[in-house]
Every structure is written in C-alpha cells, then in structure tokens.
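Right, one structure below, let's go through it.
The values are calculated or read from the model by the stated rules, or taken from the named source; none is laboratory data. Note that the coordinates shown come from a computational prediction; the quantities given were computed from them, not determined experimentally. Here the Cβ positions follow ideal geometry from the backbone for every residue, glycine too, while neighbour counts run over all protein chains shown.
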Amino acid sequence: MISSLRALQFKAFLNRFWRRTPEARRRDNSKSATIFLANEMSAQPKSPTQIVFSPDPGSESSSEHRKNRRRMSTGHRILFFVTAWLIVLMPFLFWWNTWFGRQLSQKQLTEYLRDERHPRHIQHALVQIGERMAKRDQGVTQFYPELVRLGSYSVEEVRNTDAWVMGQDAPNPEFHTALLKMLGDPSLMVRGNAALSLVRFGDATGGPQIIALLHPAQVTAPESGKVIDADKVGTAVRQGGLIAKLEDGSQTIQVRSPIPGRIRSLSVEIGESVAAGAEVAVVDPAPEQVWEALRALYLVGQPDDLSAIVPYERELPDIPDRVRQQAVLTEKAIHERTKP
C-alpha cells in the first residue's frame, strides 16, 4: 500500500515537472548541479597545501611550537640592549675624544699640552688656546711658554698647528722669534703656516714659503724599492695621506703626501723599481691652502710673485670661484702697492 502511494506521488511529480517550461527546467537542473557539486566538494578532503594539522598536545612538534613562542629571556634582552647601546656609544666616544671643538678647562689644557703619549691631545689644546687667543682671552697667556716649546716638537702635525696658533697674538715677540725659526722646518706645511702667521706681524720674510704653497708638491721615494701599490690620478689626499707603497726585501716603505690636495700625476707603475729620491707623484695643493696663500700675498706679495698667482685667475675644474676671485684681487693689490 505504501509502495503504491509513493509510486503515485513520484508519477505526479514527474507530470508537474514535464508540464513546466524548458527555461524553468534548465534553472532547476543548474541549481541541482550546483548543490550536488557543493556537496561533493565538502565531502572531499582538502589539498595537502590547505590541510592544517593541529599538533598533538603531547607531541614533540607541539613542544617545539610552544618553545618558539616563548619570550626572550631577561638575560638575552639585557645582552641585546647593551650591545645596541655600545654600537651607538662607541662611535660617539671616539668622536667626542677626537673632536677639537670640545671645550677644555684650564686644568685639562695643562694636562693635554704635556700629554706626550697622545699628540692629538696636544693639538686639541692648541686649537682651544688659539680660539681663545683670537677672542683676546688673557687667561691663556700662562700657556705661551708651552707654545714656544712646541715649535720644535717631534710630531709634524703638532708643529703645524702650533705655527698657526702663534699667529693669533702678533705683538708677542717670543712668538715672532719662534716663527722665524720655523721657516727652516723640514715640513713644507709647517714652513707655510709659519710664513702665514708672520704676515700678521707685518713680516714678509716668509714670502718664498707662501709662494711654495701655490705650487704643486713633488712627492719622492724616501728609499729605493719595488712599487707594490699606488693610488689613482685625481684622488684627493690629506696631508700625510698614503700615495704609494714600496717593498725592499721584507721592508714596506710608505710614500705619503706632504700637503693636502689632489694627485695630478703618477710617475710609477705597480711592479716598477724606483730609486731613493725618484719622483713618485705630483700633488696639486688643496683649495683652502691656495686661498690662504693668496690672502697673505694680498698684503705682502711682490711683482715677482705674479707668475704663481695669475694661473689661479682662470676657471679650473677643482678650484672654487672664491679662489679665482681672490687671485684677481691679489694681483690688483700688488700692482697698486708697487706702482711708481
């Protein structure tokens, strides 16, 4: 009885279905296919790339997962912050200890001037004294005997700075005498700075040393040897900067620039042997050095000096315009000062 009833219901359903329009049947078929596909996909397992297995609470992977999620230990955090702090602090301390602008007390000035183990401390004290002398600070006059003594100090950089500082108090006769002696210093830059400072005294004795500051410097080999390394033409170098290295047996000889500037030419090649005293390079003077020399010659220059001055009136690639302008003013001043 039940089977007959179900058969009649199914037959009635088919009659209603086939009496519908073709468009309605297509929509029903599409809906049924969509439902079937969704059911089939939900029944299939996910692809391997989509399956996420929750670790077993007691498994080894779960233990490692919890371990990786732990916070950094206190000791490691402290070590991390200390290391980061040192990375910032060490460059600052190095800069602070080598920066000549750091103000020194009277006690520190005394200690630094006599610190034979650290020439840069002596330079630092000299720079500070020079700045205070320029401001007419009478509190630094107690250090004047030390300035005279340092005029014959063994380190070139100290003598160079000292020659500049003594020019800050032109009326001092002891400084005048010390600067005249420094005109015979073995260093070109010390001689030049002494000559520039003498101009403040109204003394043109150092005129030849000032002219030398305008000329390129010839760099020679201090000893014979084979060239194992050399810098490139056009490279900027500081005073005492390395230009080339020579090798003589097991000995390495360093060839350094006597002035700050730029390498104009090299006379040697790597692998070549050079004799002691042979030319290695020619270095053009730095613009600041040229500018200071032209300013001094503006006051004490002579007509014979014009041959060294006029070339700087041209526009040169590595010379700023202010140097060219100063050269023009210096030539004009010499003509006006020496005309009959």
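General remarks:
- Among the residues of segment 258-301, those that are assigned to a helix (DSSP H, G or I) and either loosely packed, with under 14 Cβ neighbours inside 10 Å or aliphatic (A, V, I, L, M) (or both) comprise Glu288, Val290, Ala293, Leu294, Ala296, Leu297, Leu299, Val300.
- For the residues Gly202, Gly130, Gly139, the requirement of being among the small types (Gly, Ala, Ser), surrounded by fewer than 23 Cβ atoms within 10 Å (Cβ to Cβ) and at positive phi singles out Gly202.
- Elements of the type helices (runs of 4 or more DSSP H) sitting completely within segment 119-201 and holding at least 3 residues that are within 30 Å of the chain's Cα centre (by Cα) and under 25 Å from Pro285 (Cβ atoms): these cover 119-134, 156-166, 188-200.
- Looking across segment 330-340 at every residue that is surrounded by fewer than 13 Cβ atoms within 10 Å (Cβ to Cβ) and of a type outside the set (S, T, N, Q), the one that is farthest from His215 (Cα to Cα) is identified as Pro340.
- When Val328, Val310, Val282, Val300 are screened for being under 24 Å from Ser197 (Cα atoms) and in contact (Cβ under 8 Å) with a residue 60 or more places away in the chain, only Val300 passes.
- Summed over segment 210-257, the residues that are crowded, with 17+ Cβ neighbours inside 10 Å, part of a loop (DSSP other than H, G, I, E, B) and of a type in the set (A, V, I, L, M) give a count of 3.
- For Ser273: the one exception among (1) without any contact (Cβ under 8 Å) to a residue 60 or more places away in the chain; (2) outside the structural domain of Ser257 (by TED's automatic domain parsing); (3) of a type in the set (S, T, N, Q): (2)
- Checking each residue in segment 221-248 for being free of Cβ contacts under 8 Å to residues at least 24 places away in the same chain and farther than 15 Å from Val274 by Cβ picks out Arg238, Gly241, Leu242.
- Failed item in (1) at pLDDT below 95; (2) in the same structural domain as Gly234 (by TED's automatic domain parsing); (3) among the hydrophobic types (A, V, I, L, M, F, W, C), with Ala281 passing the rest: (1)
- With respect to the conditions (1) surrounded by 20 or more Cβ atoms within 10 Å (Cβ to Cβ); (2) under 23 Å from Val233 (Cβ atoms), Asp305 falls short on a single one, namely (2).
- Unmet requirement for Met182, which otherwise passes all of (1) in contact with a His (Cβ under 6 Å, 6 or more places away or on another chain); (2) buried (at least 23 other Cβ atoms within 10 Å of the Cβ): (1)
- Qualifying positions in segment 313-325 - loosely packed, with under 14 Cβ neighbours inside 10 Å, free of Cβ contacts under 8 Å to residues at least 24 places away in the same chain and acidic (Asp, Glu): Glu315, Asp321
- Ser197 vs. criteria outside the structural domain of Leu183 (by TED's automatic domain parsing) and among the small types (Gly, Ala, Ser): no
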